[in-house]
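Before anything else, here's the structure in question.
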Amino acid sequence: MRAINRGKQPSLAQLRAFAAVAEHLHFRDAAAAIGMSQPALSGAVSALEEALGVQLLERTTRKVLLSPAGERLAVRAKAVLGEVEALLEEADAVKAPFTGALRLGVIPTVAPYLLPTVLALVHEKYPDLDLQVHEEQTSSLLEGLAAGRLDLLLLAVPLGVPGVTELPLFDEDFVLVTPLDHWLGGREGIPREALRELNLLLLDEGHCLRDQALDICREVGRGDLPVTTTAAGLSTLVQLVAGGLGVTLLPRTAVRVETSRSSQLLTGYFADPAPTRRVALAMRTGAARAAEYEELAGALREALRPLPVRVL
């Protein structure tokens, strides 16, 4: 097989001209099929033969035939043109909003309670969006966002991370979850200062909800919080409360799901202003799809209104 002259790469126009001739075996018909003049078509095929270093056609006064090399390379030419067409279609899809993959990172203390709303919204409003969900702790999510492994995050803010833009969604109160026999169980108007004396159970280190609970305790003057029991998730934490090991703080969006697992729990509500957390979407500052993410945030705010939150 003769080597291709790398100094003269075939052009797409040459490949299209040759593929048309290979299909029609007639220069005039081939030229009409691709909207090209017959002399230009003939010149393009000749230039392709020169670039490849092989004769593709056998020309006679009466008809056009493919040479043995032309028969083999016609298959390749059509495959290349097909791939180019697929590339162009993919580029159009990328340019279209809410298509292709969206890699969403979510923290564990948000995922079980908000994902049903997020998934329903995407299914109904953005059916061509390929949503891929990754549940991880905040530090891992931020690393994934910076590295390009993730596109968008759903988590508690503020983050205070350079290069990350937050799109606030809502604020939600924390509530106090206690065993049935606890003196604060089921009460309303609980002063924050009550947290100074409570045996507060926390999540493991690395969870932002643990840090938020510690911040709330510091705000009411509780500097030391001895930690003897922790849990990897809210479900375990609530079961520890039901077993009488202490009390805990839950965000309002988690209350219905988590407290329904046991009949040995009561929920208490703080006096205004209650301790709160803010949940937001977060993206890389200057992200190419920033307009899409902002639109998604707006749609998500509306979808979240039925939940016990204050939409921003």
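The values are calculated or read from the model by the stated rules, or taken from the named source; none is laboratory data. None of the values given here were measured: they were computed from a predicted structure. As a convention, Cβ positions derive from the backbone with ideal geometry for all residues, glycine included, and neighbour counts pool all protein chains shown. Side chains are part of the model used for accessible areas, which takes the heavy atoms of the whole protein and leaves out ligands, DNA and RNA. Shrake-Rupley method; radii C 1.70, N 1.55, O 1.52, S 1.80 Å.
For the stretch 74-119, which residues satisfy the criterion of being basic (Lys, Arg) and either under 18 Å from residue 234 (Cβ atoms) or over 18 Å from the mean Cα position of the chain (by Cα) (or both)?
Result: 76, 78.
Filtering the stretch 193-207 down to residues that are within 37 Å of the chain's Cα centre (by Cα) and modelled with pLDDT of 75 or more, which residue is surrounded by the most Cβ atoms within 10 Å (Cβ to Cβ)?
Keep residues of the stretch 193-207 that are within 37 Å of the chain's Cα centre (by Cα), which gives 200-207.
The next check asks that each one be modelled with pLDDT of 75 or more; those that pass are 200-204.
Values: 200: 20, 201: 22, 202: 21, 203: 24, 204: 14.
Looking at the filtered set, the residue picked out is 203.
Can you run down the residue pairs with Cβ atoms below 6 Å, 6 or more apart or on separate chains, where the first is in the stretch 192-214 and farther than 23 Å from residue 182 by Cα and the partner is open to solvent by 40 Å² or more (accessible area, probe 1.4 Å) and part of a loop (DSSP other than H, G, I, E, B)?
If the second residue must be open to solvent by 40 Å² or more (accessible area, probe 1.4 Å) and part of a loop (DSSP other than H, G, I, E, B), the pairs left are 204/232; 206/137.
Looking at the stretch 124-191, what strands (runs of 3 or more DSSP E) fall wholly within it and have at least 3 residues that are open to solvent by 30 Å² or more (accessible area, probe 1.4 Å)? Full working, then the answer.
On the way: elements: 129-135, 152-157, 164-179.
Once the strands (runs of 3 or more DSSP E) in the stretch 124-191 are filtered for at least 3 residues that are open to solvent by 30 Å² or more (accessible area, probe 1.4 Å), what remains is 129-135, 164-179.
Here are some residues: 84, 21. Which one is surrounded by fewer than 18 Cβ atoms within 10 Å (Cβ to Cβ) and not hydroxyl-bearing (Ser, Thr, Tyr)?
Numbers: 21 fails: surrounded by fewer than 18 Cβ atoms within 10 Å (Cβ to Cβ).
Residue meeting the stated conditions: 84.
Condition test on residue 211, is it within 17 Å of residue 113 (Cβ to Cβ), charged (D, E, K, R) and under 26 Å from the mean Cα position of the chain (by Cα)? If you could, list the steps in order and put the result at the bottom.
Working: within 17 Å of residue 113 (Cβ to Cβ): no; charged (D, E, K, R): yes; under 26 Å from the mean Cα position of the chain (by Cα): yes.
No, not satisfied.
Given 135, 71, 83, which one is closer than 27 Å to residue 300 by Cα and charged (D, E, K, R)?
Numbers: 71 fails: closer than 27 Å to residue 300 by Cα; 83 fails: closer than 27 Å to residue 300 by Cα.
Unique residue meeting the criteria: 135.
Taking residue 267, is it of a type in the set (Ser, Thr, Tyr) and assigned to a helix (DSSP H, G or I)?
Details: of a type in the set (Ser, Thr, Tyr): yes; assigned to a helix (DSSP H, G or I): no.
Considered against the rule, which asks whether it is of a type in the set (Ser, Thr, Tyr) and assigned to a helix (DSSP H, G or I), residue 267 comes out as no.
Anything in the stretch 160-190 that is over 24 Å from residue 240 (Cβ atoms) and at pLDDT below 90? List them, or say none.
Of everything in the stretch 160-190, just one residue is over 24 Å from residue 240 (Cβ atoms) and at pLDDT below 90, namely 160.
I've got another one for you. State whether the residues of the stretch 273-290 include one that is out of contact with any His (no Cβ under 9 Å at 6 or more places or on another chain), open to solvent by 40 Å² or more (accessible area, probe 1.4 Å) and over 30 Å from residue 126 (Cβ atoms).
Here is the first cut: in the stretch 273-290, the residues out of contact with any His (no Cβ under 9 Å at 6 or more places or on another chain) are 273-290.
Remaining after also requiring open to solvent by 40 Å² or more (accessible area, probe 1.4 Å): 273, 276, 278, 284-286, 288-289.
Those left that are additionally over 30 Å from residue 126 (Cβ atoms): 273.
Among the residues of the stretch 273-290, at least one is out of contact with any His (no Cβ under 9 Å at 6 or more places or on another chain), open to solvent by 40 Å² or more (accessible area, probe 1.4 Å) and over 30 Å from residue 126 (Cβ atoms), which makes the answer yes.
When you look at residue 120, is it among the hydrophobic types (A, V, I, L, M, F, W, C), in contact with a Cys (Cβ under 8 Å, 6 or more places away or on another chain) and under 23 Å from residue 307 (Cα atoms), yes or no?
On the way: among the hydrophobic types (A, V, I, L, M, F, W, C): yes; in contact with a Cys (Cβ under 8 Å, 6 or more places away or on another chain): no; under 23 Å from residue 307 (Cα atoms): yes.
So residue 120 fails the test.
Among the residues that make up the stretch 213-233, is at least one of them closer than 26 Å to residue 160 by Cβ, in contact with a Ser or Thr (Cβ under 7 Å, 6 or more places away or on another chain) and surrounded by fewer than 18 Cβ atoms within 10 Å (Cβ to Cβ)? First the steps, then the outcome.
Going residue by residue through the stretch 213-233, those that are closer than 26 Å to residue 160 by Cβ are 213-225, 227, 230, 232-233.
Still in the running and in contact with a Ser or Thr (Cβ under 7 Å, 6 or more places away or on another chain): none.
No; the residues of the stretch 213-233 include none that is closer than 26 Å to residue 160 by Cβ, in contact with a Ser or Thr (Cβ under 7 Å, 6 or more places away or on another chain) and surrounded by fewer than 18 Cβ atoms within 10 Å (Cβ to Cβ).
Looking only at residues that are over 20 Å from residue 190 (Cα atoms) and aliphatic (A, V, I, L, M) in the stretch 210-241, which one is modelled with the lowest pLDDT?
Per the stated criteria, the residue is 227.
Let me ask something additional. Let me spell it out: the conditions are (1) in contact with a Leu (Cβ under 6 Å, 6 or more places away or on another chain); (2) open to solvent by less than 60 Å² (accessible area, probe 1.4 Å); (3) not acidic (Asp, Glu), and residue 264 meets all of them except one. Which number is the exception?
Result: residue 264 fails condition (2) only.
Next up: Would you pick out the residues in the stretch 55-73 that are closer than 17 Å to residue 11 by Cα and either open to solvent by less than 40 Å² (accessible area, probe 1.4 Å) or within 46 Å of the chain's Cα centre (by Cα) (or both)?
Applying the first criterion (closer than 17 Å to residue 11 by Cα) to the stretch 55-73 yields 55-56, 70, 73.
Matches in the stretch 55-73: 56, 70, 73.
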